[in-house]
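Peer 1: One structure coming up, written as structure tokens, with questions to follow.
What follows draws every value from the coordinates through simple rules; no lab data is involved. Since this is a predicted model, take the numbers as computed values, not measurements. Methodologically, a virtual Cβ is constructed for each residue, glycine included, from the backbone with ideal geometry; neighbour enumeration extends over all protein chains shown.
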Amino acid sequence: MEKLVVKGPTPLKGEVTISGAKNAAVAILPATLLIDGVCTIENLPNISDIKISCEILRQLGAKITWNNEHSITIDTTNITTTKAPLDLTSKFRASYYIIGAMLGRKGEIEVGMPGGCKLGARPIDQHIKGFEMLGATVNLEKGTIYAKAKKLKAAPIYMDIVSVGATINVMLASVLAKGTTTIDNAAKEPHIVDVANFLNTMGADIRGAGTDVIKINGVEKLHGGCTYSVVPDQIEAGTFMLAAVATRGDLTLKNCITKHLESITAKIFEVGGNVEDNGDSIRVWCNKRPNNANIKTLPYPGFPTDLQPQMGVVLALANGTSVINESIWESRFQYTEELNKMGAKITAQGKTAFFEGVKKLYGAPVYSSDLRAGAALVIAGTAAEGETEIYNLEHIDRGYENIEEKFRKIGAKIERVKE
Ligand code: UD1
């Protein structure tokens, strides 16, 4: 078993280069199944979710060549099976994108129910509704999803809730469907735009991604022969921005799109931190105890649920009482119990948590319950006095590239230790 050992407190200072977006990359890789040819994807984050995605594609028949640790060339000319490896698809959430992509490519797929972080109920009814409206039949039996369509046909699809996954999945399934599909009440996250840009580069005709109405004009075929670079990771950037505030440091983030970070920037100003937008880089610094603030997580462009735990560390240390209302996931406050072990005073009730700010956190052994909770604990350990041991690293490794190396470069005293 591995653990991270962090000795604090350290104000994080220096430059961090942000990696490609996990949530875009895990959709773009299955999207290559829609192409009858070869393409190159660059700026992939070097994380375990990407390695598993590649292995799933390989087992479906794709040929993958690693050009370097952030770039692959993928040949999806011969897709030889419609059965996705159940053991791998159950390892992460985004494996459900195989369904939309394979319905488009082969009209058939058998795949395990997706895994991923345990954030409460994670239904996929909106994905299924979308596929069925496009003419597919979808059956769920003993943890396996069987989806089939003789011929997909465009349809008007209204999403009952704003869902990132359902928006992308329906987009994937409809790219090659005859006619014009409309997705109403679509999610608007940056990675939705990135997946649409990728598909358009390959010959798709998708309009309106990034707004709440997306129109997909079905095309006959997607061509290969293109190189595409994944968008910078909004959530990794936000994680380091909040790390700068929580540790009262001064960080410059390179390779980020500052437009995607507006809700985080606004909250940093509210708690008394400073943000300087330099176009493709952003500087964040804070030299005093943060003020209290209230947060409500919302779909983009609202404050992202995936930065809620990291913001929770800032508010745990703030001057005064703060309230976080988590409106997306029903069970995303497990990290607050770990912060309380470090001296925080947080009371979580259902989807609301009350933070009575403390002056200091103290090192303690803590357990990462999910990916973003793990990142929050790394920030907390860096801000806290003494030694923090963080366990359950597999969550963090799914979504953050070289987290300890990136933290070490900006001054953190952090080591990965085998027990
Ligand atoms: C994606 C992100 C995840 C992020 C989340 C919200 C990936 C791989 N993961 O997850 O990191 O926390 O967006 O920004 O991109 N819902 C339904 N029915 C559905 C689908 C969703 O009721 O069919 C509900 C969910 O329970 C949740 C809300 O809709 O309450 C949002 O979920 P969704 O946007 O789909 O999240 P994911 O795509 O799973």
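Peer 1: Could you give me the ³J(HN,Hα) list for the stretch 180-194, computed from phi with Karplus coefficients 6.51, -1.76, 1.60 and θ = phi - 60°, whole Hz, x at Gly and Pro?
Peer 2: 10, 8, 10, 10, 9, 6, 6, 6, 10, 4, x, 6, 5, 4, 5
Peer 1: So what are the ³J(HN,Hα) numbers for the stretch 126-132, from phi and the Karplus equation (6.51, -1.76, 1.60; θ = phi - 60°), rounded to whole Hz, Gly and Pro as x?
Peer 2: Calculated HN-Hα couplings, in order: 6, 5, 5, 4, x, 4, 5 Hz.
Peer 1: Sticking with this structure for a sec: Restricting to bridges with both residues inside the chain, how much of the DSSP beta-bridge set is antiparallel, in percent to the nearest 5?
Peer 2: Values: 58 of 82 bridges.
Bridges in the chain that DSSP calls antiparallel: roughly 70 percent.
Peer 1: Also, quick follow-up: Could you tell me how many degrees, from 0 to 90 and to the nearest 10, lie between the Cα long axis of helix 48-60 and the main elongation axis, the longest principal axis, of the Cα atoms of the chain?
Peer 2: Approximately 10 degrees, to the nearest 10.
Peer 1: Percent relative contact order of the stretch 22-229, based on C-alpha pairs within less than 8 angstrom and at least six residues apart? Walk me through the numbers before you get to the answer.
Peer 2: Numbers: 483 pairs, mean separation 44.0, N = 208.
In percent, rounded to a whole number, it is 21.
Peer 1: Would you pull out the residues with amide H under 5 Å of G37's amide H, same chain only if 5 or more places away, H placed 1.01 Å from N?
Peer 2: HN-HN under 5 Å from G37: T76, T77.
Peer 1: Shape of the chain from its Cα gyration tensor (a ≥ b ≥ c, root eigenvalues): rounded if a/c is under 1.5, otherwise prolate when a/b > b/c, or oblate? Mind showing how you got there, number by number?
Peer 2: Numbers: a/c = 1.87, a/b = 1.78, b/c = 1.05.
Taking the square roots of the gyration eigenvalues as a ≥ b ≥ c, the chain is prolate.
Peer 1: Nearest 10 degrees, 0 to 90: what angle lies between the long axis of helix 22-31 and the longest principal axis of the chain (Cα atoms)?
Peer 2: Orientation of helix 22-31: about 10 degrees from the principal axis.
Peer 1: While we're here: Can you check what the Kirkwood hydrodynamic radius comes to for the stretch 145-217, Cα pairs only, in Å to one decimal?
Peer 2: Details: mean 1/r = 0.0824 Å⁻¹.
Roughly 12.1 Å, rounded to one decimal.
Peer 1: Here's a follow-up. Based on the mean of other beta carbon atoms within 10 Å per residue, what is the order of 410-419, 152-161, 94-103, most packed first? Don't jump to the answer; show the numbers that get you there.
Peer 2: Values: 410-419: 15.1, 152-161: 16.7, 94-103: 27.4.
Descending packing order for the listed peptides: 94-103, 152-161, 410-419.
Peer 1: If packing is taken as the average count of other Cβ atoms within 10 Å, what order do 164-174, 215-225, 246-256 fall into, highest mean first? Write down the numbers at each step before the final one.
Peer 2: Values: 164-174: 27.5, 215-225: 16.9, 246-256: 21.8.
Descending packing order for the listed peptides: 164-174, 246-256, 215-225.
Peer 1: Relative contact order for the chain: what percent, with Cα pairs under 8 Å and sequence separation of 6 or more? Mind dumping the intermediate values first?
Peer 2: Numbers: 1086 pairs, mean separation 88.4, N = 419.
Dividing the mean separation by the residue count of the chain yields 21 percent.
Peer 1: Do you know the relative contact order of the stretch 159-290, to the nearest whole percent, from alpha carbon pairs under 8 angstrom that are 6+ apart?
Peer 2: 19 percent
Peer 1: Residue by residue through the stretch 215-220, what is 3J(HN,Hα) from phi via Karplus (6.51 cos²θ - 1.76 cosθ + 1.60, θ = phi - 60°)? Round to whole Hz and write x for glycine and proline.
Peer 2: Once rounded to whole Hz, the list reads 10, 10, 8, x, 10, 5.
Peer 1: Hey, can you grab everything whose amide H is under 5 Å from the amide H of T247? Only 5+ residues off in sequence or another chain; H modelled, so Pro and N-termini drop out.
Peer 2: L12
Peer 1: Between their Cα atoms, which of K22/K413; K13/K351; K106/K153; K3/K188; K22/K254; K83/K150 are more than 24 Å away from each other? Each step should come with its number before you reach the end.
Peer 2: Numbers: K22/K413 26 Å; K13/K351 34 Å; K106/K153 14 Å; K3/K188 36 Å; K22/K254 17 Å; K83/K150 17 Å.
Violating the 24 Å limit, Cα to Cα: K22/K413; K13/K351; K3/K188.
Peer 1: Something else about it: Give me the Kirkwood hydrodynamic radius of the stretch 22-229 in Å, from all C-alpha pairs, to one decimal place? Intermediate values should be presented prior to the final figure.
Peer 2: On the way: mean 1/r = 0.0606 Å⁻¹.
When all Cα pairs of the stretch 22-229 are included, the Kirkwood radius is 16.5 Å.
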